[in-house]
Amino acid sequence: MTWVNLTSIEQLDEIKNASGFSLIFKHSTRCSISLMAKKNFEFDWDIIPADTKLYFLDLISYRDISNQIAEIFQVAHQSPQILLIKNGDCVLEASHSDISASEVAEVIAA
């Protein structure tokens, strides 16, 4: 699997309007906890269905997009944070040590 870099507000419209599942990983490039959460997630991400789009947001460079994510999907901003989106709605949100590829896979499979 590979990340799709989230670099424009227009991509949020694509995610919101997409059918099926999309995942957003909000990452702070200045935070060691965020780096660890990202590495742990990537270590296990092969259990997530291959048709799930995985979006990566460098929230230091794209803070405006991070703010829009919080507003559009009605979640409090966290870093690191994942949001699993299904048919335009956030069905799972986790941050810090609660970020888990297996939990994402379980929600998708349910």
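The values are calculated or read from the model by the stated rules, or taken from the named source; none is laboratory data. Here the structure is a predicted model, which means the values were calculated and not measured. Quick reminder, even Gly has a Cβ in these numbers, built from the backbone with ideal geometry, and neighbours come from all protein chains shown. Only protein heavy atoms, including side chains, enter the accessible area calculation; ligands, DNA and RNA are left aside. Shrake-Rupley method; radii C 1.70, N 1.55, O 1.52, S 1.80 Å.
A few remarks follow.
- Rounded to 5, percent antiparallel among DSSP beta bridges of the chain: 60
- Taking 0.36 nm per residue of separation and subtracting the current Cα-Cα distance, fully stretching the chain between Glu10 and Thr29 would add 4.6 nm.
- For Arg63, Arg30, the ranking by accessible surface with the largest value first comes to Arg30, Arg63, using a 1.4 Å probe.
- In this rough spin-label picture, where each label sits 7 Å from Cα along the Cβ direction, the Lys39-Gln68 distance is 3.2 nm.
- Accessible area of Phe73 (1.4 Å probe, protein heavy atoms only, ligands and nucleic acids ignored): about 20 Å².
- Label point distance in nm, Ser61-Met1, each placed 7 Å from Cα along Cα→Cβ: 2.1
- Using a Förster distance of 25 Å, the FRET efficiency for Val107-Val75 (Cβ separation, nearest 0.05): 0.95
- Global form of region 48-110, assessed from the alpha-carbon gyration tensor, a/c cut-off 1.5: prolate
- Each Lys and Arg contributes +1 and each Asp and Glu -1, all at the Cβ; summed about the Cα centre of the chain, the dipole is approximately 280 debye.
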